[in-house]
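Comments concern the structure below.
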Amino acid sequence: MALPRLTRYELELMDVLWQKGEGTVQEVCEELKRPLAYTTVMTTLSLLHSKKKVLKRIKRGRAHVYLPIVTREEVSRAIISDLRDVLFGDRLPMLVLGLLEDGSFSQEDVKALKAALRKAESQG
């Protein structure tokens, strides 16, 4: 099943839940990097649960607790696949080079990239 497309704002909320593992509307509001209205966060979390099916909702006392049912990696792969297919016309080198040109990397990042390239070469 293909993952639904998530907006940047929805990804911000998901990021909080991926980091925390679970959270109420209030807890998500408190962890956001920018201030958003409680009702806006509540509505969006509800939509991520009921329509996009990426969150599980459990009632604890008077509050709803939201838990991610998709991983950050699954969503990342879906977004990258969309980028490659739609923006880069299925040209993987253009996508990778675009990402490389746009970032600054630590030595650990460079080692991981080299290891991934060696693995891709050996698989052939």
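The values are calculated or read from the model by the stated rules, or taken from the named source; none is laboratory data. Remember, predicted model here, so these are calculated numbers, not experimental data. We place every Cβ from the backbone using ideal geometry, glycine too, and count neighbours over all the protein chains shown. Surface accessibility is based on the protein's heavy atoms, side chains included, excluding ligands, DNA and RNA. Shrake-Rupley method; radii C 1.70, N 1.55, O 1.52, S 1.80 Å.
Please determine, by comparing only the residues of segment 59-104 that are charged (D, E, K, R) and either more than 30 Å from Thr24 (Cα to Cα) or touching a helix residue (DSSP H, G or I) at 6+ places or on another chain (Cβ under 8 Å) (or both), which one is modelled with the highest pLDDT.
Here is the first cut: in segment 59-104, the residues charged (D, E, K, R) are 59-60, 62, 72-74, 77, 82, 84-85, 90-91, 101-102.
Subsequent filtering for residues that are either more than 30 Å from Thr24 (Cα to Cα) or touching a helix residue (DSSP H, G or I) at 6+ places or on another chain (Cβ under 8 Å) (or both) retains 72, 82, 84-85, 90-91, 101-102.
Details: Arg72: 96, Asp82: 85, Arg84: 81, Asp85: 84, Asp90: 69, Arg91: 79, Glu101: 83, Asp102: 75.
The qualifying residue modelled with the highest pLDDT is Arg72.
Checked against (1) free of Cβ contacts under 8 Å to residues at least 40 places away in the same chain; (2) over 11 Å from the mean Cα position of the chain (by Cα); (3) under 29 Å from Leu95 (Cα atoms), Lys53 passes all but a single condition, namely (1).
Which residues, counting only those in segment 89-124, are outside any helix (DSSP H, G or I) and among the polar types (S, T, N, Q)? I'd like the intermediate steps shown before the answer.
So the first thing to find is which residues in segment 89-124 are outside any helix (DSSP H, G or I), and the list is 89-91, 102-106, 124.
Answer for segment 89-124, where residues must be outside any helix (DSSP H, G or I) and among the polar types (S, T, N, Q): Ser104, Ser106.
Of the residues screened, Glu22 is one that is in contact (Cβ under 8 Å) with a residue 24 or more places away in the chain and either loosely packed, with under 11 Cβ neighbours inside 10 Å or over 30 Å from Leu99 (Cα atoms) (or both).
Of the residues contained in segment 57-64, none is found to be surrounded by 13 or more Cβ atoms within 10 Å (Cβ to Cβ), among the basic types (Lys, Arg) and assigned to a loop (DSSP other than H, G, I, E, B).
If you check Val86 against the conditions, is it part of a helix (DSSP H, G or I) and open to solvent by 70 Å² or more (accessible area, probe 1.4 Å)? Before the answer, list the steps.
On the way: part of a helix (DSSP H, G or I): yes; open to solvent by 70 Å² or more (accessible area, probe 1.4 Å): yes.
Criteria met by Val86.
When you check Lys33 against the structure, is it surrounded by fewer than 12 Cβ atoms within 10 Å (Cβ to Cβ), outside any helix (DSSP H, G or I) and at pLDDT 95 or above, yes or no? The answer is no for Lys33. Residues of segment 65-78 that are in a helix (DSSP H, G or I) and surrounded by 14 or more Cβ atoms within 10 Å (Cβ to Cβ): Arg72, Val75, Ala78. Find all pairs meeting these conditions: Cβ atoms under 9 angstrom apart; at least six residues apart or on different chains; first residue within segment 76-89 and under 18 Å from Glu10 (Cα atoms) and of a type outside the set (S, T, N, Q); second residue assigned to a helix (DSSP H, G or I) and at pLDDT 85 or above. Sorted first by the residue in segment 76-89, then by its partner, the pairs are Ile79/Leu11.
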